[in-house]
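To start, the structure under review is shown below, and the notes come after it.
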Amino acid sequence: MRYSKALIPSLREVPKEAVNPSHVLLLRAGYIRMVGAGIYEMLPLGKRVLEKLSRIVREEMDAAGAQEVLLPALLPSDYFRETGRYDTFGDTLFRLTDRKGQECHLGPTHEEIITDLVRRDVKSYKQLPLNLYQIQSKFRDEPRPRAGLLRCREFIMKDAYSFDVDEAAAVTSYETMREAYHRIFRRLGLDYRVVQADSGAMGGSTSAEFQVLTQTGEDRLVACDRCDYAANVEVAEARFVPAERVESTNAITKIATPGKGGIDDVVAFLGGDVTAKRMLKSLLFVADGEVVMAVVRGDREVNEIGVARALGAADIRLATEQEVREATSAAVGFAGPVGFKGRIVIDREATQVVDAITGANETDAHLGNVNFGRDFQAEVAAIRLVEAGDGCPRCEGTLESYRGIEGGHIFILGTHYSEKMHATFLDADGKAKPFVMGCYGIGVSRLMATAVEQHHDENGIRWPMSIAPYQVIVTPLGKDAAVQEAAEGIYGELRAAGIDVLLDDRDERPGVKFKDADLLGIPLRITVGGRGLERGVVELKARTEAQAREVEKGSVVAETKASIEAALVR
RNA sequence: CGGGGCGUAGCGCAGUUUGGUAGCGCGCACGGUUCGGGACCGUGAGGUCGGAGGUUCGAAUCCUCUCGCCCCGACCA
């Protein structure tokens, strides 16, 4: 492609709505344009990146035995009514009514419609296993679209659905997908981790997230520095070594702590050998409408989702100030487990604190010498938030913390959808059984932004070779006829060799061309200048390296091919 | 949905407090000088001041309503 003919509307200044690196750079480099909140146009460069991503996904899905389909995005809502999701999806669904008054919506995900397809056309166990996938636009009216392509209302997703005869076969399908996802993410050139996550309200049992590690991700993760343990902090556990139980004979004492509600305040106020580790932090939550208390050691934070899981609650939130006052008859900051009337969950580590200091459930007062078991009872669970430096629960390693962006998520769904939708097949024993399903998503358009989040510098994008819109940019400097001719020659040869190449034939100064090349993030740049040409050389420079190297003009095409090959992960 | 901020030329912004008929930089077009990391000079095109209503002789500016966008939080198959 000739730059002079390409629609690459790069911007010198940062559009003010953009904050995230990927958003800023994709906008500035002319890959995307915003049309509305969470709605973007893919310009030629953006479209090329999407195609490269999609091709890799397709190749690996096909290789894993999945078959591509294309389901409608415009869906009659009857299918969602069968599973009750027409209501549970709530305002996230883009709803519309056709001219006959039939209710429709734009598909946010396609479990129902694919299950309907399979129940109509698949009747026998002999047709299983089956894995169908598509790459298609999804629509979700997010409460808060943000960060450019990272959280959109219309986005492109690869979604696959597997159908199996039983749970064991479904696990096989799931594992096949897991392997395919590993190959996909490796080929994309992304640093990622497979993590355990909260499977949410999907009704799924087994699930894993493919998290791409970035500075700005929405999700907080921990991963072991020794083994492959990795988990979303929502579900992560730290190694726990039970200590020998010490029984205290010290009686509870009341301590006046006027105006000192927070842990840090109390520690500072009491001084001496009182540390946060001696304190018990008591937080009140409302879980499924009931006020409950969660207790962790004073130097820890509570994992809210962990509390909900420990309680078996579907819904949880922090109690309001007023609810705290009603439940403890004290101001916020003075809650404690002793005498608390209601369910209490305590972190297992906090049960070991001897002669602890806790809130007294009385404003401006704390209790000293509080001991779990002796002075209060509670359900024990792992409810503290795991931190970097904590021990790995599986090995002797140490957990490190990361931020990640969910690039893929795989689930075993079981018969959740097939039972509700009466999607059955006849098994070898002649009995009708519901399909055992799995679903597997990859956020294709999100991955485009994710790759930029992970691969950029102050000058622009640094695409991994496999998904760069062009692999090479040829940059002739000046209008010298010999330079033009040499650049055209190299451009022609690279194209003939099947390489994606952009020729910067614009009448621009060298600085402009270099800045744009860096901004666009093309992995390799061949610079053709008059001075070098006199000596028969051109420059070959990788976007990720500071220095260019001189290459004989006659061998630059071969060198470029070799560099591309080396950069592609197979 | 709660809190905060912003809508003026393609992009970034000033002008709004104190009403007087819209400006700067970048980009764009044309001419010239330049040419290895976002050159310089000159000329020029380009704006329903987010929208509606109101106050006024007169509204980007004041009032009312409304729409949109961004950030934090809630939410996120």
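Some notes on this structure:
- Test result for A:GLU59, surrounded by fewer than 16 Cβ atoms within 10 Å (Cβ to Cβ) and either in a helix (DSSP H, G or I) or under 21 Å from the mean Cα position of the chain (by Cα) (or both): yes
- The residues of the range A:516-527 that are near RNA strand B (Cβ under 7 Å from one of its atoms) and either acidic (Asp, Glu) or farther than 18 Å from A:GLU458 by Cα (or both), listed by number, are A:ASP516, A:ASP518, A:THR527.
- Residues in the range A:9-35 that are touching a strand residue (DSSP E or B) at 6+ places or on another chain (Cβ under 9 Å) and of a type in the set (Lys, Arg) were compared, and the one that is surrounded by the most Cβ atoms within 10 Å (Cβ to Cβ) is A:ARG28.
Quick grid of which residues meet (1) open to solvent by 10 Å² or more (accessible area, probe 1.4 Å); (2) out of contact with any strand residue (DSSP E or B) (no Cβ under 9 Å at 6 or more places or on another chain):
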{"residue": "A:TYR417", "(1), (2)": "no, no"}
{"residue": "A:ASP427", "(1), (2)": "yes, no"}
{"residue": "A:GLY430", "(1), (2)": "yes, yes"}
{"residue": "A:LYS433", "(1), (2)": "yes, no"}
{"residue": "A:GLY443", "(1), (2)": "yes, no"}
{"residue": "A:THR450", "(1), (2)": "no, no"}
{"residue": "A:ASP457", "(1), (2)": "yes, yes"}
{"residue": "A:SER466", "(1), (2)": "yes, yes"}
{"residue": "A:TYR470", "(1), (2)": "yes, no"}
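- In the range A:7-42, the residues that are more than 20 Å from A:ASN459 (Cβ to Cβ), more than 10 Å from RNA strand B (Cβ to nearest atom) and assigned to a loop (DSSP other than H, G, I, E, B): A:LEU7
- Taken over the range A:339-380, the criterion of being among the charged types (D, E, K, R) and either touching a Cys at 6+ places or on another chain (Cβ under 7 Å) or over 18 Å from A:ILE255 (Cα atoms) (or both) is satisfied by A:LYS341, A:ARG343, A:ASP347, A:ARG348, A:GLU349, A:ARG374, A:GLU379.
- Among (1) open to solvent by 60 Å² or more (accessible area, probe 1.4 Å); (2) within 9 Å of RNA strand B (Cβ to nearest atom); (3) of a type in the set (Lys, Arg) - the single one A:LYS513 does not satisfy: (1)
- Taken together, the residues in the range A:133-163 that are assigned to a strand (DSSP E or B) and under 21 Å from A:GLU82 (Cα atoms) amount to 7.
- For beta carbons closer than 6 Å, sequence separation of 6+ or different chains, a first residue in the range A:88-111 that is more than 24 Å from A:ILE135 (Cα to Cα) and a second that is of a type in the set (Val, Ile, Thr) and more than 16 Å from RNA strand B (Cβ to nearest atom), the qualifying pairs are A:GLU103/A:THR97.
- Taking (1) within 16 Å of RNA strand B (Cβ to nearest atom); (2) open to solvent by less than 10 Å² (accessible area, probe 1.4 Å); (3) within 26 Å of A:PRO21 (Cα to Cα) in turn, A:LEU188 satisfies each apart from (1).
- Test: residue in the range A:301-310 that is open to solvent by less than 20 Å² (accessible area, probe 1.4 Å), within 16 Å of RNA strand B (Cβ to nearest atom), within 27 Å of A:ASN232 (Cα to Cα) and among the small types (Gly, Ala, Ser): yes
- Just one of the listed residues (A:THR92, A:THR83) is near RNA strand B (Cβ under 8 Å from one of its atoms), open to solvent by less than 80 Å² (accessible area, probe 1.4 Å) and within 24 Å of A:ASP116 (Cβ to Cβ), and it is A:THR92.
The values are calculated or read from the model by the stated rules, or taken from the named source; none is laboratory data. Please read all numbers here as calculations on a predicted model, not as lab measurements. When we count neighbours, we look across all protein chains shown, and the Cβ atoms used for this are built from the backbone with ideal geometry, even at glycine. Remember, those area values only see protein heavy atoms, side chains included, never the ligands or the DNA or RNA. Shrake-Rupley method; radii C 1.70, N 1.55, O 1.52, S 1.80 Å.
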